[in-house]
Amino acid sequence: MNQETVRQLSLPELVKACASLGVGGVGLWRAPVRKYGVEATARLVRDAGLTVTSLCRGGFLTAADPAARRTALEDNRAAVDEAAGIGTDTLVLVCGGLPEGDRDLHGARERIADALAELAPYAAGRGVRLAIEPLHPMFASDRCVVSTLGQALDLAERFPAEQVGVVVDTYHIWWDDRAPAQIDRAGRSGRIAAFQLADWCTPLPAGVLLGRGQLGDGSVDFRFWRDRVAAAGYTGWTEVEIFNEALWDRDGREALAETVERFRAHVL
């Protein structure tokens, strides 16, 4: 269960609720981890018998300004340290959109590659793999110029598989008829670092970021994608990550329990 799905729960509440529902892993976010404390978070999750499946997020590596790039690299090294500190081997990267006034998508992607060349060895030395998450093209301008699994793999394959992988997120790839073949490609090279679920529902809300739907409410065939990543050899965690204000407005424990039931009904 990704922490953001039920962000209304505190970290201790999330861990307790997941343990009581038989959810064995939690994907965490940097801000609440820093607030609670890295060492305290690691101890809390470990004592509950849970696994930290991933940490979100690093990235935003497209800046052209040298000072901004240095700041981004420094922040990503800190994210790597936090991932290692809480005991996860996966740091999810949202790679960044176009800098203001820039229209060069290729150049922005090359700056991501340059940053990965510095960050990947650093992360590997701490037992953390960088996981490039392609985002739906509607986010290309402001959040992520990496819009397809193919583009993510083109970047990742410049580096050893144990250093850089990709995230398969149903919300971002369900529409792409090339994605199944790219999942196979990722599987052959051991590049699938994380598998995340959210549904696609329309109409999208204003701002679109919070449009991820509860499992079963939209257009995504979750069993199809489950079977594709399994056929590609992925044996890791399946993580539900939903950003949805209606879900956040509810009692967190009830929302979490509903999400577990939806997972059983639509994914298993």
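Every residue, every condition in (1) assigned to a loop (DSSP other than H, G, I, E, B); (2) small (Gly, Ala, Ser); (3) without any contact (Cβ under 8 Å) to a residue 12 or more places away in the chain, yes or no:
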| residue | (1), (2), (3) |
| --- | --- |
| ALA72 | no, yes, no |
| ASN76 | no, no, no |
| ALA79 | no, yes, no |
| ALA84 | no, yes, no |
| THR88 | yes, no, no |
| ASP102 | yes, no, no |
| ARG126 | yes, no, no |
| LEU135 | yes, no, no |
| MET138 | no, no, no |
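Of these, GLU74, GLU118, GLU100, GLU110, which one is over 18 Å from the mean Cα position of the chain (by Cα) and at pLDDT below 95?
Just a single option satisfies the conditions, and that option is GLU100.
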Original post:
Hey, does the range 31-41 have a residue that's under 24 Å from PHE243 (Cβ atoms) and touching a strand residue (DSSP E or B) at 6+ places or on another chain (Cβ under 6 Å)?
Top reply: no
Original post:
What pairs can you find where one residue is in the range 151-163 and within 21 Å of THR88 (Cα to Cα), the other is in a loop (DSSP other than H, G, I, E, B) and among the small types (Gly, Ala, Ser), and their Cβ atoms are less than 6 Å apart, with a gap of 6+ or different chains?
Top reply: ALA161/SER189; ALA161/GLY190
Subject >> Condition broken by LEU119, with the remaining ones in (1) touching a helix residue (DSSP H, G or I) at 6+ places or on another chain (Cβ under 6 Å); (2) under 15 Å from GLN163 (Cβ atoms); (3) open to solvent by 10 Å² or more (accessible area, probe 1.4 Å); (4) of a type outside the set (S, T, N, Q) satisfied >> reply: (3)
Original post:
Do the conditions hold for ALA181, that is, is it in a helix (DSSP H, G or I), among the aliphatic types (A, V, I, L, M) and either over 19 Å from the mean Cα position of the chain (by Cα) or surrounded by fewer than 18 Cβ atoms within 10 Å (Cβ to Cβ) (or both)?
Top reply: yes
Original post:
Restricting attention to the range 186-211, which residues are over 12 Å from GLY165 (Cβ atoms), open to solvent by 10 Å² or more (accessible area, probe 1.4 Å) and touching a helix residue (DSSP H, G or I) at 6+ places or on another chain (Cβ under 7 Å)?
Top reply: TRP200, VAL208, LEU210
Subject >> Inter-residue pairs, beta-carbon under 9 Å, first of a type in the set (Val, Ile, Thr) and part of a helix (DSSP H, G or I) and in the range 220-246, second crowded, with 18+ Cβ neighbours inside 10 Å and at pLDDT 95 or above, 6+ apart >> reply: VAL229/VAL168; VAL229/ILE183; VAL229/ALA186; VAL229/GLY187; VAL229/ILE192; VAL229/PHE195; VAL229/THR238
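Quick check on my filter: what residues within the range 238-257 are surrounded by fewer than 18 Cβ atoms within 10 Å (Cβ to Cβ) and closer than 18 Å to TYR171 by Cβ? It would help to see each step written out before you state the result.
Looking only at the range 238-257, we keep the residues that are surrounded by fewer than 18 Cβ atoms within 10 Å (Cβ to Cβ), and these are 245-246, 248-251, 253-254, 257.
Selection gives GLU245, ALA246, TRP248.
Hey, among the residues in the range 85-114 that are among the small types (Gly, Ala, Ser) and open to solvent by less than 40 Å² (accessible area, probe 1.4 Å), which one's farthest from LEU55 (Cα to Cα)? It would help to see each step written out before you state the result.
Of the range 85-114, the ones among the small types (Gly, Ala, Ser) are 85, 87, 96-97, 101, 107-108, 113.
Within this subset, residues satisfying the condition of being open to solvent by less than 40 Å² (accessible area, probe 1.4 Å) are 85, 96-97, 107-108, 113.
Numbers: GLY85: 11, GLY96: 17, GLY97: 20, GLY107: 27, ALA108: 24, ALA113: 21 Å.
The extreme case among them is GLY107.
Table: residues versus (1) at pLDDT below 95; (2) within 13 Å of SER189 (Cβ to Cβ); (3) touching a strand residue (DSSP E or B) at 6+ places or on another chain (Cβ under 8 Å); (4) surrounded by 22 or more Cβ atoms within 10 Å (Cβ to Cβ).
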site	(1), (2), (3), (4)
ALA131	no, no, yes, yes
HIS136	no, no, no, no
ASP142	no, no, no, no
VAL145	no, no, yes, yes
THR148	no, no, no, no
ALA152	no, yes, yes, yes
VAL167	no, no, yes, yes
HIS172	no, no, no, yes
TRP175	no, no, yes, no
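The values are calculated or read from the model by the stated rules, or taken from the named source; none is laboratory data. None of these values were measured; they are calculated from a predicted model. With ideal geometry, Cβ positions are generated from the backbone for all residues, glycine too; neighbour counts draw on all protein chains shown. Calculation scope for accessible area: heavy atoms of the full protein, side chains included, ligands and nucleic acids excluded. Shrake-Rupley method; radii C 1.70, N 1.55, O 1.52, S 1.80 Å.
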